[in-house]
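Single-structure report; data block below.
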Amino acid sequence: MTGKVELEGLEFHAYHGVYPHERSSGNKFEVDLIVDTEFSEAAFQDDLSGTINYEDLYTLVKEEMAKPSKLLETVGHAIANRTLQTFREAQHVTVKISKFNPPIGGVCKKATVTVSQNRS
């Protein structure tokens, strides 16, 4: 049976951005992750081995967010790619990363990039 494992509203202070001040002082980011997966029968027997452990997903996202990058697209791709490599049951991953108060010269609550990747 197929389904989704989702983590919504993960918050991090990270050092992503093109400008030097973004990479030195950091900013607040939010990550949403959706993993399309194949659940095994074990999941319906109340056994964690039949699904993707969302604690492990959180750890993966946290580790990737800790690596400074200029572009959110790069971070999103890294999270999606690593999710597919780590969890063989994962078939498709969508990562949405938002940067709060981006430096665009005007008022903007957040800038968001969404990256999707299929298992090939």
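Annotations
- Lone unmet requirement of (1) surrounded by 14 or more Cβ atoms within 10 Å (Cβ to Cβ); (2) within 22 Å of GLU11 (Cβ to Cβ); (3) in contact with a strand residue (DSSP E or B) (Cβ under 8 Å, 6 or more places away or on another chain) for ALA78: (3)
- Pick from the stretch 37-60, criterion surrounded by fewer than 17 Cβ atoms within 10 Å (Cβ to Cβ), in contact (Cβ under 8 Å) with a residue 40 or more places away in the chain and within 21 Å of SER98 (Cα to Cα), ranking: farthest from the chain's Cα centre (by Cα): TYR54
- Residue count for the stretch 1-29, restricted to those that are among the charged types (D, E, K, R) and over 22 Å from ASN118 (Cα atoms): 4
- Residue, surrounded by the fewest Cβ atoms within 10 Å (Cβ to Cβ), within the stretch 81-90, restricted to residues that are assigned to a helix (DSSP H, G or I) and not β-branched (Val, Ile, Thr): GLN85
- Residues in the stretch 97-120 that are surrounded by fewer than 12 Cβ atoms within 10 Å (Cβ to Cβ) and over 17 Å from HIS16 (Cα atoms): GLY105, GLY106, VAL107, ASN118, SER120.
- For SER69: the one exception among (1) hydroxyl-bearing (Ser, Thr, Tyr); (2) surrounded by fewer than 16 Cβ atoms within 10 Å (Cβ to Cβ); (3) out of contact with any Gly (no Cβ under 8 Å at 6 or more places or on another chain); (4) touching a residue at least 40 places away in the same chain (Cβ under 8 Å): (2)
- Any chance VAL93 is modelled with pLDDT of 95 or more, buried (at least 17 other Cβ atoms within 10 Å of the Cβ) and either among the hydrophobic types (A, V, I, L, M, F, W, C) or part of a loop (DSSP other than H, G, I, E, B) (or both): yes
- Taken residue by residue, the stretch 49-61 has no member that is out of contact with any helix residue (DSSP H, G or I) (no Cβ under 8 Å at 6 or more places or on another chain) and at positive phi.
The values are calculated or read from the model by the stated rules, or taken from the named source; none is laboratory data. If you're wondering where the values come from, they're calculated on a predicted model, not measured in any experiment. Positions of Cβ are backbone-derived with ideal geometry, glycine not excepted, and every protein chain shown enters the neighbour counts.
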